[in-house]
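Step one of this worksheet: look at the structure below.
None of the figures in this text is laboratory data; all of them are computed from the coordinates on show. It should be emphasised that the depicted structure is a prediction, and the values quoted were computed from it without experimental measurement. All Cβ positions, even for glycine, are placed from backbone atoms using ideal geometry, and neighbour counts span all protein chains on display.
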Amino acid sequence: RPRVLSGIQPTAGSFHLGNYLGAVRQWVALQETHDAFYMVVDLHAITVPQDPQELRANTRLAAAQLLAAGLDPERCTLFVQSHVPEHAQLAWVMNCLTGFGEASRMTQFKDKSAKQGADRASVGLFTYPILQVADILLYQAHEVPVGEDQRQHIELTRDLAERFNGRFGATFTVPKPYILRETAKIYDLQDPSIKMSKSASTPKGLINLLDEPRTTAKKVKSAVTDTDTVIRYDADAKPGVSNLLTIYSTLTGTPVPELERAYEGRMYGALKTDLAEVMVEFVTPFRERTQQYLDDPESLDSILAKGAEKARAVAAETLAQAYDKVGFLPAK
Ligand code: AQP
C-alpha cells in the first residue's frame with residue numbers, strides 16, 4: 001500500500017469548512033486505500049504565540065474532530081506530533097540543508113510574518129515549512145493530501161528530499177502532493193477572492209464546523225454572490241456562486257452540472273436555502289460525534305498514545321538512517 005502523511009494545526013479550536021473539504025475529507029477516503037499517517041501538529045501551532053491550556057484543549061479537540069470526521073484508528077495511524085520527538089530531530093538536519101534564501105521565498109511565511117510585523121515573527125514561523133518537510137520524509141510518504149495553499153511546501157519537501165538523497169545516498173521517498181482540483185481551495189463566503197482561512201476571513205465568511213448550526217445556516221444565506229442571476233459554475237466571472245456550488249456538490253455527491261440543471265431559472269436564494277440545509281445536516285452529527293469523543297478523554301488519549309507508538313516505530317527507523325548518512329556517531 002502506498003503511504004500518505006498529513007497534518008492539521010490545533011490552533012483555532014474548530015476546523016473550518018476549507019480544512020474539511022480541502023484536506024480532512026480526503027484523509028478519510030485515503031485510509032481505505034493507503035497506509036495512512038495523520039497527525040495534530042502541535043509543534044507547528046507554537047510558531048505563533050499560544051496559551052498553554054488552550055493548546056492542550058485544542059489538541060484533544062482536533063483529534064476528536066478528526067475521529068468525528070471519520071478517521072478510524074484501526075485503519076490509520078492518528079497521533080500528536082510532539083509525541084514523536086523524531087519530528088524535531090529530523091527538522092534540525094533539514095534546517096541545515098535549506099538555504100536561507102530558499103526559506104525566505106515561502107509565501108506562507110511572507111503572509112503570516114507581514115501580518116504579525118516582521119520583528120514579532122518567530123524563527124519557528126520561518127522554519128515552519130522545514131519542520132513540515134521532516135514530518136513528511138520521516139514516514140517515507142508517497143503522497144501528501146493537502147489544500148492548494150500547501151503546494152509550495154510540498155515542492156520544498158521534494159527539493160530537500162532530492163538534495164539529501166543526492167548528497168548522502170538514497171534515503172527518502174520523494175513525495176507528491178495529493179490535491180483534488182475541485183476542493184483545492186474553498187473561498188471565503190464574504191470575499192470569494194480569498195481562501196477561507198482562520199486568520200484572514202471575517203467571522204461571517206468563515207464556516208467553523210463546530211459553530212451552532214443556526215449560525216452556519218445564517219452565514220450560508222448571507223454569502224456574497226454577484227449581480228447576475230444565473231446559477232452557473234464560472235470560477236472567474238462568478239466566484240461566489242461557484243464556491244457555493246463546489247461546497248454543495250462535494251457535501252452531497254451531486255455533480256456540479258446536475259446542480260446547474262436543477263437550479264435553472266431559480267434564484268440565488270433557493271440555492272442558498274438548500275445549501276444551508278445541507279450544511280446543517282452535515283454539521284449537526286459532526287458536532288455530536290466530536291462531543292462524544294471529548295466526553296471520554298481517557299479513550300481519546302489512549303487512541304493517541306497507540307497512534308504515537310505506531311508512528312514512532314516508523315519515524316525512529318528513518319531518523320536512524322538519516323543520522324547515519326550525515327555522519328553522526330551511533331549512540332551505543
Ligand atoms: N480554504 C481552504 N481550502 C482548501 N483547503 C484548505 N486548507 C486550509 N484552508 C483551506 C487545508 O487545510 C489543511 C490544514 O491546514 P492547517 O492546519 O495548516 O490550517 P491552516 O493552514 O492554519 O488553516 P488556515 O485557515 O489556512 O490558517 P491560516 O489562516 O493560519 O493560514 C491543509 O492541508 C490546508 O491546505
Inset, instruction - Would you calculate the separation in nanometres between label points at Ala88 and Asp296, each defined as 7 Å from the Cα along the Cα-to-beta-carbon direction? - result: 3.2 nm
Legend entry - Spin-label pair Phe100/Met267, simplified geometry with 7 Å Cα→Cβ offset, distance in nm: 6.1 nm
Inset, instruction - With a/c under 1.5 counting as rounded, go ahead and sort the chain into rounded, prolate or oblate using the C-alpha gyration tensor (a ≥ b ≥ c being the square roots of the eigenvalues; past the cut-off, prolate if a/b is larger than b/c, else oblate). - result: prolate
Inset, instruction - Give the peptides 61-68, 221-228 in descending order of average Cβ contacts within 10 Å, highest first. - result: 61-68, 221-228
Inset, instruction - Apply 1/(1 + (r/R0)^6) to the Cβ-Cβ distance of Ser199 and Asp234, taking R0 = 22 Å, and write down the FRET efficiency to the nearest 0.05. - result: 0.20
Legend entry - Amide H within-cut-off set for Lys176, under 5 Å, with H built and near neighbours excluded: Glu143, Val144
Inset, instruction - Could you tell me which helices of the chain pass both thresholds, a Cα extent of 18 Å or more along their own axis and a mean Kyte-Doolittle hydropathy of at least 0.5, with helices taken as whole DSSP H runs? - result: 123-138, 239-252
Legend entry - Positive-end residue of Ala114, Val144, Ile130, charge dipole of the range 97-167 with Cβ unit charges: Ala114
Inset, instruction - Set the Förster distance to 41 Å, then compute FRET efficiency between Glu317 and Thr227 from the Cβ-Cβ distance, nearest 0.05. - result: 0.10
Legend entry - Summed side-chain charge close to Leu131 - residues other than Leu131 whose Cβ falls under 13 Å, Lys, Arg +1, Asp, Glu -1: -3
Legend entry - Gaussian network model of the chain, springs between alpha carbon atoms under 10 Å - residue of Ile231, Ile154, Ile186 with greatest fluctuation: Ile231
Legend entry - Net dipole in debye of the chain [+1 Lys, Arg Cβ; -1 Asp, Glu Cβ; about Cα centre; nearest 20]: 500 debye
Legend entry - Unit charges on C-beta of K, R, D, E only; dipole of the range 16-167, Debye: 360 debye
Inset, instruction - Can you grab the distance from the C-alpha centre of the range 92-163 to the C-alpha centre of the range 301-326, Å, no decimals? - result: 21 Å
Legend entry - the range 203-273 and the range 48-66: distance between their alpha carbon centers, rounded to Å: 31 Å
Inset, instruction - May I ask you to list the residues of the range 1-43 whose amide nitrogen lies under 18 Å from a point 7 Å from Cα along the Cα→beta-carbon direction of Ala170? - result: 1-3
Inset, instruction - Could you sort out which of Lys110/Lys198; Lys115/Lys238; Lys115/Lys204; Lys112/Lys204; Lys110/Lys221; Lys112/Lys306 sit more than 23 Å apart by Cα distance in this structure? - result: Lys115/Lys238; Lys110/Lys221; Lys112/Lys306
Inset, instruction - Tally the DSSP beta bridges in the chain and give the antiparallel ones as a percent, rounded to 5. - result: 15 percent
Inset, instruction - Return the distance in nm (one decimal) between the two label points of a simple spin-label model at Thr252 and Glu277, each offset 7 Å from Cα along Cα→Cβ. - result: 0.9 nm
